[in-house]
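Student: Below is a structure I'd like to ask you about.
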Amino acid sequence: MGLIINKYCSITPHKVCVDGLKIFDINDQQSLEKSLVQTYRNLELEYPKFFKMDNLSKLAILASECLLKNTELYKIADKGNVALVLSNASSSLVTDSNYHLTIDDPKNYFPSPSLFVYTLPNITIGEICIKHKIYGENIFFVSEHPDASALYVYVNELFERTNTEYCIAGWVECNVNTYEAFLLLVGKGSNGDTFDVKTIDNLYNTK
Amino acid sequence: MDELILELKQEIIKVLNLQGVKPEDIDNDAPLFGDGLGLDSIDALELIVLLEKNYGIKLEDPGKGREIFGSINIFAKYISENRKK
């Protein structure tokens with residue numbers, strides 16, 4: 001039995017899509033912060049911790065919500081067999097810079113603990129795991145562009161070598177100019193798009 | 001003291017990103033941690049930074065925060081008695 005894409009979603013500055021269908025528009029004239037909060041409200045999320053996160057983690061939480069909502073995974077309490085494989089280009093650079101501002105001036109040296117905790121990109125994985133009680137394998141790659149070939153190879157390895165039954169995989173990028181999230185829910189089966197390099201590229205390029 | 005209490009509530013809401021919480025929602029005697037505002041350990045560290053940055057109070061023993069952050073009233077009293085700015 002091969003791997004299939006059970007569901008996919010994307011968040012860009014203009015819209016939020018699930019399985020290629022737009023579920024709502026985003027006002028692209030507003031700031032990233034406002035867009036993220038607008039998306040949070042539209043998804044009717046009740047998760048106060050969201051407001052304490054940096055923008056990268058907020059984006060990842062919103063994308064994971066779009067991906068998992070109304071799936072059987074959403075209801076399963078123990079998600080020990082759900083893996084996470086994420087990647088982006090800018091790592092946590094925006095938050096790293098914001099944190100640096102709190103320690104840059106020796107006369108105004110007040111390191112911010114709440115910024116410091118987000119100065120690693122894999123914290124976004126941790127936030128998704130906490131929100132959805134996921135305990136499986138996880139990794140965060142930093143690469144210049146989304147790499148469908150690497151994603152395909154790594155996710156297949158996970159299914160072959162570990163107890164992985166589902167994998168949330170994709171791209172969560174947030175920099176000073178723009179942002180985008182593109183997540184796939186990969187599983188075993190035959191009803192769905194085949195999980196292969198060509199399909200991943202097609203879905204990403206038509207998001 | 002009332003002025004300091006209001007200022008403190010506004011600062012806590014801002015620094016800890018307590019979305020949707022207004023100063024009047026924070027009970028002066030309710031615990032800030034646990035059942036109160038549901039703050040966590042990172043929030044405690046932010047409050048320690050706030051103490052030093054806004055009031056010039058450096059907590060040498062972070063464990064003391066548990067006592068100082070008992071409630072808004074306790075927090076404000078500690079600041080008024082120890083502030084350096």
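The values are calculated or read from the model by the stated rules, or taken from the named source; none is laboratory data. Remember, it's a predicted structure, so these values are computed and weren't measured experimentally. Heads up, the Cβs are rebuilt from the backbone with ideal geometry, glycines too, and the neighbour counts pull from every protein chain shown. Just so you know, the surface numbers come from the protein's heavy atoms only, side chains and all, with ligands and any DNA or RNA stripped out. Shrake-Rupley method; radii C 1.70, N 1.55, O 1.52, S 1.80 Å.
Student: Just to verify a result, which residue in region B:37-48, among those that are in contact with a Ser or Thr (Cβ under 9 Å, 6 or more places away or on another chain) and without any contact (Cβ under 8 Å) to a residue 24 or more places away in the chain, is least open to solvent (accessible area, probe 1.4 Å)?
Tutor: Of everything passing the filter in region B:37-48, B:I42 is least open to solvent (accessible area, probe 1.4 Å).
Student: Find all pairs meeting these conditions: Cβ atoms under 7 angstrom apart; at least six residues apart or on different chains; first residue within region A:40-64 and more than 11 Å from chain B (Cβ to nearest Cβ) and open to solvent by less than 20 Å² (accessible area, probe 1.4 Å); second residue in a helix (DSSP H, G or I) and among the acidic types (D, E).
Tutor: A:L43/A:E65; A:L45/A:E65; A:S57/A:E127; A:A60/A:E127; A:I61/A:E127
Student: In region A:102-116, is there at least one residue being closer than 26 Å to A:P13 by Cβ, within 12 Å of another protein chain (Cβ to nearest Cβ) and open to solvent by less than 70 Å² (accessible area, probe 1.4 Å)?
Tutor: yes
Student: Here is a further query. What number of residues within region A:14-34 satisfy the criterion of being touching a residue at least 40 places away in the same chain (Cβ under 8 Å) and open to solvent by less than 30 Å² (accessible area, probe 1.4 Å)?
Tutor: Of the residues in region A:14-34, 3 are touching a residue at least 40 places away in the same chain (Cβ under 8 Å) and open to solvent by less than 30 Å² (accessible area, probe 1.4 Å).
Student: Sticking with this structure for a sec: Give the residues of region A:117-142 that are in a loop (DSSP other than H, G, I, E, B) and either within 14 Å of chain B (Cβ to nearest Cβ) or open to solvent by 50 Å² or more (accessible area, probe 1.4 Å) (or both), sorted by residue number.
Tutor: Hits for region A:117-142 are A:V117, A:Y118, A:T119, A:L120, A:N122, A:K133, A:Y135, A:E137.
Student: Residues in region B:52-85 that are in contact with a helix residue (DSSP H, G or I) (Cβ under 7 Å, 6 or more places away or on another chain), of a type outside the set (S, T, Y) and either within 15 Å of B:E11 (Cα to Cα) or part of a helix (DSSP H, G or I) (or both): how many?
Tutor: So the count comes out to 10.
Student: Still on this model: Hey, could you check region B:17-33 for residues that are more than 20 Å from B:K77 (Cβ to Cβ) and either part of a loop (DSSP other than H, G, I, E, B) or among the small types (G, A, S) (or both) and say which is least open to solvent (accessible area, probe 1.4 Å)?
Tutor: B:L18
Student: In contact (Cβ under 8 Å) with a residue 40 or more places away in the chain, within 23 Å of A:T178 (Cα to Cα) and either in a helix (DSSP H, G or I) or of a type in the set (A, V, I, L, M) (or both): is that true of A:L67 in this structure?
Tutor: yes
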